[in-house]
């Protein structure tokens, strides 16, 4: 069951959109504005069970975030979904090779994200 989602994206507008898109799951959302902020929030919120991750961000990008998560080993059970802009297929493929469980291209339809989430959490809650 999806209970707590970490959203790592440098756009405040995208964070608002996620809040609306994820309402159907009645899950808590933890916001982070870059990869380093995301790692800090992950360390403080041990019950996160999904990460929605942008790739291009200041301070620490999404690819470096995934590398740090995998190096730590502690969070390997948490699926990461990449949400990236059109034209960044190379970054998306790199993220998948690093261990991301799926990707959605921005701009996306809510149903695209819901489909991926429901594959990871078939008993949606």
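Tabulated values for the structure
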quantity: Some residue of the stretch 2-13 being more than 14 Å from the chain's Cα centre (by Cα) and part of a helix (DSSP H, G or I); calculated: yes
quantity: The stretch 20-41, subset in a helix (DSSP H, G or I) and in contact with a strand residue (DSSP E or B) (Cβ under 6 Å, 6 or more places away or on another chain), residue surrounded by the most Cβ atoms within 10 Å (Cβ to Cβ); calculated: 38
quantity: Sole exception among (1) in contact with a helix residue (DSSP H, G or I) (Cβ under 9 Å, 6 or more places away or on another chain); (2) surrounded by fewer than 21 Cβ atoms within 10 Å (Cβ to Cβ); (3) part of a loop (DSSP other than H, G, I, E, B) for residue 55, by number; calculated: (2)
quantity: Top-ranked residue in the stretch 1-13 [being modelled with pLDDT of 90 or more and crowded, with 19+ Cβ neighbours inside 10 Å; ranked as farthest from residue 84 (Cα to Cα)]; calculated: 5
quantity: Subset of the stretch 61-98 that is over 15 Å from residue 51 (Cα atoms) and touching a helix residue (DSSP H, G or I) at 6+ places or on another chain (Cβ under 7 Å) - its residue that is surrounded by the fewest Cβ atoms within 10 Å (Cβ to Cβ); calculated: 94
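The values are calculated or read from the model by the stated rules, or taken from the named source; none is laboratory data. Every value quoted in this text rests on a predicted model; they were computed, and no experiment measured them. A quick note on method: Cβ atoms are made from the backbone with ideal geometry, for glycine too, and the neighbour counts reach across all protein chains shown.
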